[in-house]
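Only one structure is covered here, and it is reproduced in the block below.
The values are calculated or read from the model by the stated rules, or taken from the named source; none is laboratory data. Since this is a predicted model, take the numbers as computed values, not measurements. Here the Cβ positions follow ideal geometry from the backbone for every residue, glycine too, while neighbour counts run over all protein chains shown. Surface accessibility is based on the protein's heavy atoms, side chains included, excluding ligands, DNA and RNA. Shrake-Rupley method; radii C 1.70, N 1.55, O 1.52, S 1.80 Å.
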There are 4 protein chains.
Amino acid sequence: MNHVPLKGIIAYPITPFDQNEQVDLVLFKKLTERLVLSGSHAIAPLGSTGVLPYLNDAEKQAITEACIQQVADRIPTLVGVSNLTTERTIYHAKFAEKAGATAVMIIPMSYWKLTDNEIVRHYDAVASKISIPIMAYNNPATGGVDMSPTLLKRLLEIPNVTMIKESTGDVQRMHLLKRELGEDVAFYNGSNPLALAAFAAGANGWCTAAPNLIPELNLSLYEAVQNNDFGSAQNLFLQQLDLLRFIVNKGLPRAIQAGLNILGEEGGHLRAPLQPLANQEISELNRILREQELVS
Amino acid sequence: MNHVPLKGIIAYPITPFDQNEQVDLVLFKKLTERLVLSGSHAIAPLGSTGVLPYLNDAEKQAITEACIQQVADRIPTLVGVSNLTTERTIYHAKFAEKAGATAVMIIPMSYWKLTDNEIVRHYDAVASKISIPIMAYNNPATGGVDMSPTLLKRLLEIPNVTMIKESTGDVQRMHLLKRELGEDVAFYNGSNPLALAAFAAGANGWCTAAPNLIPELNLSLYEAVQNNDFGSAQNLFLQQLDLLRFIVNKGLPRAIQAGLNILGEEGGHLRAPLQPLANQEISELNRILREQELVS
Amino acid sequence: MNHVPLKGIIAYPITPFDQNEQVDLVLFKKLTERLVLSGSHAIAPLGSTGVLPYLNDAEKQAITEACIQQVADRIPTLVGVSNLTTERTIYHAKFAEKAGATAVMIIPMSYWKLTDNEIVRHYDAVASKISIPIMAYNNPATGGVDMSPTLLKRLLEIPNVTMIKESTGDVQRMHLLKRELGEDVAFYNGSNPLALAAFAAGANGWCTAAPNLIPELNLSLYEAVQNNDFGSAQNLFLQQLDLLRFIVNKGLPRAIQAGLNILGEEGGHLRAPLQPLANQEISELNRILREQELVS
Amino acid sequence: MNHVPLKGIIAYPITPFDQNEQVDLVLFKKLTERLVLSGSHAIAPLGSTGVLPYLNDAEKQAITEACIQQVADRIPTLVGVSNLTTERTIYHAKFAEKAGATAVMIIPMSYWKLTDNEIVRHYDAVASKISIPIMAYNNPATGGVDMSPTLLKRLLEIPNVTMIKESTGDVQRMHLLKRELGEDVAFYNGSNPLALAAFAAGANGWCTAAPNLIPELNLSLYEAVQNNDFGSAQNLFLQQLDLLRFIVNKGLPRAIQAGLNILGEEGGHLRAPLQPLANQEISELNRILREQELVS
């Protein structure tokens, strides 16, 4: 196995629903295909963007299979398998491996704040049941737990926990990861408005839903960084900052759905309690996309 | 229907598991009976203490039925039916009503931060499908959303949303509820270390897991307040403050399980990733209970 | 010396300025006299309300003398002598003692966050130079340092540090003070919107600028607590809550000045950069005072 | 006048005291000379590092004159003239201009949180009395006010407010400055651990006390950015990160004093309540400097 099979722009598809709030697999495959064709370096279904926690087991499995079939090994897949209980996390991790996922992403979801030892046991229990690499995901805002660099170091001692996704929104944390975990640590940025700062700090990749709407800008930023070009990176980042802030502030599933519609693509429906953006918000998004000359 | 059927000490049972991490219904009934016999004014299964989010649908239903059967109308029951999706919330609210619950408690759980309109629609959709009263529960720390007094006012306009449980941990908020919602608003305190301040602010009741361990102190505090006795209330509260802080800081399911064992009661097992308290923590709890002369 | 010479309603006068932004001692004495006649239990010049940090040494000394002369031993005086440097704090503490102050209040002002040891040395250095009691004042929002109960315990070991003013705005902290420092600790509440909760927690007194505008309500609340009457205390507190929140949110010097003018009293001028409240804010304050039937 | 006379590494000297806690002007000049000879691009006396708020008027004036004399126009000087009152700020700004300062830095110090209008009036009042450029300094942690990009935009409309120093510690804010204020806005980073991210975001310069200890690393980082070299910038930044974090966490005056002593330089004394670092902290700093091969 490739221990660190991911880099660059890792694109997060939404999970679209039909008008009865049932998962729309046909549309999901179509949206996944768009992301592959746009040049994204990997596809990550069942993340926050993919409303993982709002789906039942059967729906999660259907999305996993649909994504892997559609991508068909053209690029790597990173499947979200997080669950509140260790038992269900193992269940979905095993399913993803069997279905052909390149890697899985796991955030220690917690209703009750977990101790460091509980988190290590959780990852260890899952890791011992699968052979593909695991990306440990730190996002205190959605997971309820802030995994310190010291804890992440313990997790990286588990053989197939090889990658870290960092979404605290604090660029200092990324610098600390390198100081604490060694300069070769594979870490990925999950905070859209920190994309430039994260690359400057040495991030291997950027986990983002933005390629659903502005793939060229996302990819160009990555290339500018690869080309060691501070000036271009800065300009490209400033160009996309309004869009990045908008989709984060409005909630990724709502904002991506609205953006797809504005771009003339089908965005499907949301599942309640999530509701579409208000008209005024849609107008604002329209204005932002028009500035990019993505709509006329 | 009685619009505000709850007051006083509303006791939260844990959901105990067997050594295979399966729900132990026999033990659950036994622990529920203890709470009834202790003099608690109501029983509230499937709260945070009852690890609601770690249970599957069938388990939630089994606990609901077991609780209502065991209580057998001796005191009211308040069943937690919160779920991330509106559809599942309705499903469990209807089940609870049919099983005979006195009222249901609903927190707007949110992975994606919900807008005020989404929250109102969510409660409205559930309320329209049941006839028993709903307690709206505000707890930003676990629910991810802080419902403002203005939003709560909108919710109270829904006919069977009649009670508010407030757990921001900010006593000012309780005063504001009375200012904004009228002095007759029925609100309940869900923050253990604020118990005295909340009663001083006019709370109708206290939602708490503490009666699993120290029912007499909890009830005595309520009685001192009923008797308009500041001095006794203060002394009784100070007596139980260490225990209240301990169970909150360590996580209610872990702390109550450990406390039951110390008291010579069966506390069952936890479901992973939750793990028992460490030995040092158990010693600290032992010391706190010994100070109350609850253990020798 | 009386180690704990203060209790009840401790009233904070503003420091009024003339139109050239010079301290107006005549008006200051008049406002001080109003507070004494209103029945306040003590007078505390040179607090935050008295814009201590905006005054030079000579001005601080003039206010100290004017206050003590005007009060003329009818009730105790508590003079603010806080300063960034230890040397200047000693200077003003000695001046206050010599001028006849009953006690001094000291907050460890800090531009650079002080360590616990630095804070203890600071109080110790001042305490060794005076014989009157010192009130240690904890207010992280204005002082920049949050003194833990453990640190306050160390300060109380200094012979003439005998009182604590607590303004973290967290009622739990007050309960902890009693747990950590003993039930006889003399502590005072400095957070207006927590007045009721603080008295319920056993506060000896309430440090407040509100008696400049609503002395009767402030005093009645204290009496209801003394009379052990939860119900009246609750009603009286709710009656004054809007006013308390207003003066805190708008800044005490600005709000008290505006309120005095509304009540037909002279409020003087502010010193720049502080500016008077905007018209809309004054209208809001007018409405709040009208509800109390303090203006027609 | 040059509207934006500053760029690159802007070095902050400490204000050293003798053993009687009096300002040591001879040592101050020596330390200033070191900073000039190290290659720093500008010198900024009377910042937080220079303990501005702990000095009286005469001391501030003496430091201002000593700095300007010693620098002798070899590089620009940026003199801190912030004060709580508008009147004193004007006084020191005029003094600095007359003494020959290139520019002045002003943070809206606030004991009482200032409104946007009060802040604009404050800057406007000072700006109208001097002709040299003003750097507006945003640092909520020490100033107590967070100036929004919208407010900064208003300040930049005042003719000689031409530069912004941003120390919120949030790199997003720097991106927003460019979005809101135009790509040509002159902004400077005042948060040491954000040095790399700030340059990546387009900062004109870095305001820092670090050149007292590691001038070559600071200058090399700036040069790597000028040379558009992401990789070197990253490596150079990681090399100095521990030192930057140490001096920020321990307080700049304490940490720089200790570091100078470790490097074999005279660091003078601190003014109480500030005390020297503890032995353990000094050992940690020694270790960090040894890693840089700055001590053996």
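GNM on chain D, C-alpha springs below 10 Å: top fluctuator among D:L84, D:L196, D:L243?
In the Gaussian network model the winner is D:L84.
Looking at the range A:87-113, which residues lose a minimum of 20 Å² of accessible area between their chain alone and all protein chains in place, measuring with a 1.4 Å probe and not counting ligands or nucleic acids?
Correct list: A:Y111, A:W112.
Can you tell which of B:A93, B:A201, B:A58 shows the greatest fluctuation in a Gaussian network model of chain B with Cα springs below 10 Å?
B:A58
Check which residues have an amide H placed less than 5 Å from B:M105's amide H, if you skip close sequence neighbours.
The answer is B:V79, B:G80, B:V81, B:M135.
With θ set to phi - 60° and the Karplus curve 6.51 cos²θ - 1.76 cosθ + 1.60, what are the ³J(HN,Hα) couplings of the range A:148-157 in order, to the nearest whole Hz, using x for Gly and Pro?
Those phi angles translate into 5, x, 5, 5, 4, 4, 5, 5, 5, 6 Hz.
Taking H as built 1.01 Å from N, whose amide H comes closer than 5 Å to the amide H of B:K165, not counting residues under 5 places away?
Hits under the 5 Å cutoff: B:A136, B:Y137, B:N138, B:Y188.
Taking the dipole about the Cα centre of the range C:145-271, with the C-beta of Lys and Arg at +1 and of Asp and Glu at -1, give me whichever of C:L252, C:Q239, C:V185 is farthest to the positive side.
The listed residue farthest towards the positive side: C:L252.
May I ask you to report, in nm to one decimal and beginning with the shortest, the distances from D:D184 to the same position in the other copies, taking label points 7 Å along Cα-to-Cβ?
Label point to label point, same position, other copies: 4.8, 6.6, 7.3 nm.
Excluding C:V51 itself, calculate the net charge of residues whose Cβ lies under 14 Å from the Cβ of C:V51, where each Lys or Arg counts +1 and each Asp or Glu counts -1.
So the surrounding residues net to 0.
Determine the dipole magnitude for the protein assembly as shown: charges of +1 sit on the beta-carbon of Lys and Arg, -1 on that of Asp and Glu, nothing else is charged, the reference point is the Cα centre, and the result goes in debye to the nearest 20.
0 debye
Which whole-angstrom value gives the distance between the alpha carbon centres of the range B:171-241 and the range D:35-95?
Each part reduced to its Cα centre gives a spacing of 55 Å.
Could you give the nm distance between label points at B:E216 and B:N235, where each point is 7 Å from its Cα heading toward the beta carbon?
The two pseudo-label positions are separated by 1.5 nm.
So how much accessible surface do C and D hide from each other in total, probe 1.4 Å, in square angstrom to the nearest 100?
2600 Å²
Taking amide hydrogens as modeled 1.01 Å from N in the peptide plane, which residues meet the under 5 Å criterion relative to C:F17, leaving out close sequence neighbours?
HN-HN under 5 Å from C:F17: C:D24, C:H269.
Select from the range A:258-282 all residues whose loss of accessible area on going from the chain by itself to the full protein assembly reaches 50 Å² or more (probe 1.4 Å).
A:P273, A:Q275
Mean residue ellipticity at 222 nm from the helices of chain D, using -39,500 (n - 2.57) per DSSP H segment of n ≥ 4 over the full residue count, to the nearest 500 deg cm²/dmol?
Rounded to the nearest 500, the figure is -14500 deg cm²/dmol.
Only Cα pairs under 8 Å and at least 6 apart count here; give the relative contact order of chain D as a rounded whole percent.
19 percent
Summarise the accessible area of chain D (1.4 Å probe, protein heavy atoms) by the percent that is carbon and sulfur.
Here carbon and sulfur together make up 44 percent of the probe-accessible area.
Would you please classify the overall shape of the protein assembly as shown from the alpha carbon gyration tensor, given that a ≥ b ≥ c denote the square roots of the eigenvalues, rounded means a/c under 1.5, and beyond that prolate means a/b larger than b/c while oblate covers the rest?
Because a/c hits 1.5 or more and a/b fails to exceed b/c, the protein assembly as shown counts as oblate.
Top mean-square fluctuation among D:Q280, D:Q69, D:Q61, Gaussian network model of chain D, C-alpha springs under 10 Å?
Result for chain D, Cα springs under 10 Å: D:Q280 fluctuates most.
Quick one: putting +1 on the C-beta of Lys and Arg, -1 on the C-beta of Asp and Glu, what dipole do you get for the range C:47-99 around its Cα centre, in Debye to the nearest 20?
Dipole magnitude for the range C:47-99 comes out near 60 debye.
May I ask you to list the lysines whose Cα is less than 22 Å away from that of B:K30, ignoring any residue fewer than eight positions away on the same chain?
B:K60
Hey, what's chain D come to in accessible area per residue, 1.4 Å probe, Å²?
36 Å²
So if the hydrodynamic radius of chain C is defined as the Kirkwood radius over C-alpha pairs, what does Stokes-Einstein give as its diffusion coefficient at 37 °C and 0.692 mPa s, in µm² per second?
171 µm²/s
Pick out, from A:T115, A:I75, A:I214, the residue whose Cα sits farthest towards the positive end of the charge dipole of chain A, with +1 on the Cβ of Lys and Arg and -1 on the Cβ of Asp and Glu.
Comparing the listed Cα positions along the dipole, A:T115 ranks first.
I need the phi-derived Karplus couplings for the range C:15-30: 6.51 cos²θ - 1.76 cosθ + 1.60, θ = phi - 60°, integer Hz, Gly and Pro marked x.
9, x, 10, 8, 6, 9, 6, 8, 4, 9, 5, 5, 5, 4, 5, 5
Let me spell out the model: positive unit charges on the Cβ of Lys and Arg, negative unit charges on the Cβ of Asp and Glu, origin at the Cα centre of the range B:8-227. What dipole size does that give, in debye rounded to 20?
Charge dipole, the range B:8-227, about its Cα centre: 180 debye, nearest 20.
Name the residue farthest towards the positive end of the dipole of the range B:8-227 from the options B:A93, B:I14, B:S128, assuming +1 on Cβ of Lys and Arg, -1 on Cβ of Asp and Glu, about the Cα centre.
Farthest along the dipole direction, towards plus: B:S128.
Quick one: grab the alpha carbon gyration tensor of the range C:184-274, order the square roots of its eigenvalues as a ≥ b ≥ c, and give me rounded if a/c is under 1.5, else prolate or oblate depending on whether a/b is larger than b/c.
Judged from the Cα gyration tensor, the range C:184-274 comes out prolate (a/c at least 1.5, a/b above b/c).
Put simply, what bits of the range A:41-61 lose 50 Å² or more of accessible area when the other protein chains are there, versus the chain on its own (1.4 Å probe)?
Going by heavy-atom accessible area, the residues of the range A:41-61 that drop by at least 50 Å² are A:P53, A:Y54.
Name the GluC sites (Glu not before Pro) in the range B:156-232 that are in a loop by DSSP and that have at most 12 other C-beta atoms within 10 Å, would you?
Here the sparse-neighbourhood loop sites are B:E157, B:E183.
On average, how much area does the Cα convex hull of the range C:1-136 cover when viewed from any direction, in nm²?
Its Cα hull, projected and averaged over all orientations, spans 8.2 nm².
Distances from B:S131 to the same position in the other copies: list them in nm, one decimal, shortest first, using label points 7 Å from Cα along Cα→Cβ.
The answer, with the shortest distance listed first, is 6.0, 8.0, 8.7 nm.
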